[in-house]
1. Scan the stretch 139-175 for residues that are in contact with a helix residue (DSSP H, G or I) (Cβ under 8 Å, 6 or more places away or on another chain), more than 17 Å from Ala78 (Cβ to Cβ) and either of a type outside the set (A, V, I, L, M, F, W, C) or not assigned by TED's automatic domain parsing to the domain that holds Trp196 (or both) and jot them down.
2. Cβ-Cβ distance below 6 Å, separation of 6 or more or different chains: which pairs start in the stretch 280-293 with a residue that is under 23 Å from Ser264 (Cβ atoms) and end on one that is in a loop (DSSP other than H, G, I, E, B) and among the charged types (D, E, K, R)?
3. Hey, does the stretch 109-130 have a residue that's modelled with pLDDT under 70 and in the same structural domain as Val159 (by TED's automatic domain parsing)?
4. When only residues in the stretch 45-79 that are assigned to a helix (DSSP H, G or I) and among the small types (Gly, Ala, Ser) count, which is surrounded by the most Cβ atoms within 10 Å (Cβ to Cβ)?
5. Do you know which residues across the stretch 157-194 are over 28 Å from Glu102 (Cα atoms) and polar (S, T, N, Q)?
6. Does Leu139 satisfy the criteria of being of a type outside the set (Phe, Trp, Tyr), modelled with pLDDT of 95 or more and under 18 Å from Tyr224 (Cβ atoms)?
7. If I ask for residues that are of a type in the set (A, V, I, L, M, F, W, C), out of contact with any helix residue (DSSP H, G or I) (no Cβ under 8 Å at 6 or more places or on another chain) and without any contact (Cβ under 8 Å) to a residue 40 or more places away in the chain, which ones from the stretch 244-279 would you list?
8. Please determine whether any residue of the stretch 109-118 is surrounded by 24 or more Cβ atoms within 10 Å (Cβ to Cβ), touching a residue at least 60 places away in the same chain (Cβ under 8 Å), of a type in the set (Val, Ile, Thr) and over 18 Å from Glu195 (Cα atoms).
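The values are calculated or read from the model by the stated rules, or taken from the named source; none is laboratory data. Because the structure is predicted, anything quoted here is derived from the model rather than measured. Heads up, the Cβs are rebuilt from the backbone with ideal geometry, glycines too, and the neighbour counts pull from every protein chain shown.
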Amino acid sequence: MSSSSYPSTLHTQPPVPPNTILHFPTPSTLLIVLNNPRSLNCLSTSMHFALHALLSWYDNEPTLRCAIITGAGRAFCAGADLKEWNESNAAARSGKSSGERERPSSGFGGISRRTGKKPVIGAVNGLAFGGGMEMVVNLDMAVASKSALFALPEVKRGVIALAGALPRLVRTVGKPRAMELALTGRTISAEEAREWGIVNAVTDDAPVDADVLDRPVVKKALEYAKEIAGNSPDSVIISRAGIMQGWEDGSVEHATQNIVDIYSKRLNDGENIHEGVRAFVEKRAPRWVPSKL
């Protein structure tokens, strides 16, 4: 299904960002395709807010369980729109503007600082540079094509990776490797990214003319999405929140207590916890209902 063919199960229609194609490979899965291949899927300021709105809609659409994001062409996302940035700098130098480039609270592409409620998986089909790399660092899971490349080249342009990747990268790869990426601006391969824990898996590359749904990287992401969607939506939301608490909080015990305090009663009052246990006892597949969390 594509932007012109939405599942009949949707409660509301999605806001479609410009230069973006939406697919619904299953009624519970949203596939977001960044579709500006001539510009290597670089993102303008307005795109950050548009993707933030789309992912907020996804979090609040009860029928959806998992989202995947990928790019058209040979790039996942090569970062910020530098032409727009240069124009902003020129306006600031002439006193016509402050030069500030606003972003939503969820950061670059609506992802680099996103907390959200439901998981988003990256299908990194090619270049993930700058802001694109910052998005990958904060995705819940990521799969990369064999030829995908990752870099934070900001130091080579006299700027800084301020969209959230630097402190998050330390937690993922450790200080020495994070320093290597941030201070040298060097590019790493998909295999290095997997070895360092930035991506979960590496797949074969797709033929140049392959449909997005036929790409091995998207197929692998869809496998993960299918597994996630087959689980209790309540349990997925709370399990993800527990991981995010540990990611953001300095104390694992404080993070654990937060999850218990916030979610325990709400989970126990919901239908899915009872359905899961009952289905196990009755030796059948559970029949989940949309989460009310």
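1. Scanning the stretch 139-175 gives Asp140, Lys146, Gly164, Arg168, Arg171, Thr172.
2. Correct list of pairs: Val289/Glu271.
3. In the first step, residues of the stretch 109-130 are kept if they are modelled with pLDDT under 70; the result is none.
No, the conditions are met nowhere in the stretch 109-130.
4. Taking the stretch 45-79 first, the residues assigned to a helix (DSSP H, G or I) are 45-60.
With the extra rule that they be among the small types (Gly, Ala, Ser), the set shrinks to 46, 50, 53, 56.
Working: Ser46: 13, Ala50: 21, Ala53: 17, Ser56: 17.
Restricting to residues being assigned to a helix (DSSP H, G or I) and among the small types (Gly, Ala, Ser), the top hit is Ala50.
5. Residue satisfying the conditions is Ser189 alone.
6. On the way: of a type outside the set (Phe, Trp, Tyr): yes; modelled with pLDDT of 95 or more: yes; under 18 Å from Tyr224 (Cβ atoms): yes.
For Leu139, the condition - of a type outside the set (Phe, Trp, Tyr), modelled with pLDDT of 95 or more and under 18 Å from Tyr224 (Cβ atoms) - is met.
7. At the first step, the residues of the stretch 244-279 found to be of a type in the set (A, V, I, L, M, F, W, C) are 244, 247, 252, 255, 259-260, 262, 267, 273, 277, 279.
This time we only want the ones that are out of contact with any helix residue (DSSP H, G or I) (no Cβ under 8 Å at 6 or more places or on another chain), so: 244, 260, 277, 279.
Those that are of a type in the set (A, V, I, L, M, F, W, C), out of contact with any helix residue (DSSP H, G or I) (no Cβ under 8 Å at 6 or more places or on another chain) and without any contact (Cβ under 8 Å) to a residue 40 or more places away in the chain: Val260, Val277, Ala279.
8. Yes, that holds for at least one residue.
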